[in-house]
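Taking it in order: structure first as structure tokens, then the write-up.
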Amino acid sequence: MARTIPLTLIAFSIGLVLAVVTALFRLSGIKLLEIIARIYVSIIRGTPLLVQLYIIFFGLVSIGIEVDPFPAAIVGFSLNTGAYASEIIRAAIQSIPKGQWEASYSISMNYGQALRRIIIPQATRVSIPPLSNSFISLVKDTSLASTIMVTEMFRKSQEIVATTYEPLLLYTEAALLYWTICFLLSLGQDAIEKHLNRYVQT
């Protein structure tokens, strides 16, 4: 787990920043920014994560760009998370009633102020459940980093299997570790959702 957890946290943090920027590009009304965001999301969502990792780690070497395994995994997972999470954030922002925008403008807020003070806080609550699911999925997806020689949890299991010849036991242990992490994260997700729901008027 020494590499799995840091890889997940770093990649998700960077991916979340990319997601917010991409979502705002899509909603900016500026054609060029919208096109850039759409192309990015389309490429990432339309290609397998494993292929993306191979392009970054193995493919870039052919044009003289050599990336170490761990940074390559961070780049790959961050780009992937950013594309998927951007759609979640965009949908959350668009789910806020237009009346909220109008009310913001009526008290002399500009677009940026309305977004920062009124829209984003409400959209955050809406986006927490799907973003939490993305985070949990990322924990499991980090097992793909083993294919580019990152010594994370699954890769470590493979190395031990090569010497002990006990694949069923060790791969089952790895699966249980992944499940335990995801189960604990699910409990955390439930706690966050309950906390946020306290501020929702019924």
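Since every read-out is calculated from the coordinates, none of them should be taken as a lab result. What you see is a predicted model, and the numbers here were worked out from it, not measured in a lab. Don't worry about glycine lacking a Cβ; one is built from the backbone with ideal geometry, like all the others, and counts go over all protein chains shown.
Below is a table of values for the structure above.
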| item | result |
| --- | --- |
| Relative contact order of the chain, pairs being alpha-carbon contacts under 8 Å that are 6 or more residues apart, as % | 25 |
| Rounded to 10°, Cα long-axis angle of helix 4-27 versus longest principal axis of the chain | 30 |
| Burial ordering of Y111, Y165, Y54, fewest other beta-carbon atoms within 10 Å first | Y165, Y111, Y54 |
| Alpha-carbon Rg/Rh ratio, for the chain, with Rh computed the Kirkwood way | 1.06 |
| Cα centroid separation, the range 100-157 to the range 7-41 (Å) | 11 |
| Angle in degrees between helix 167-197 and the longest Cα principal axis of the chain, rounded to the nearest 10 | 10 |
| Lys, Arg +1 and Asp, Glu -1 on Cβ, resulting dipole of the range 4-197 about Cα centre, debye, nearest 20 | 820 |
| Top of I65, I74, I89 by mean-square fluctuation, Gaussian network on the chain, Cα under 10 Å | I65 |
| Compactness index (Cα Rg / 2.2 N^0.38 Å), the range 75-187 | 1.57 |
| Ranked packing of 152-160, 44-52, most packed first, by mean Cβ within 10 Å | 152-160, 44-52 |
| Potential extension, F183-T164 segment - 0.36 nm per residue separation minus Cα distance | 4.0 nm |
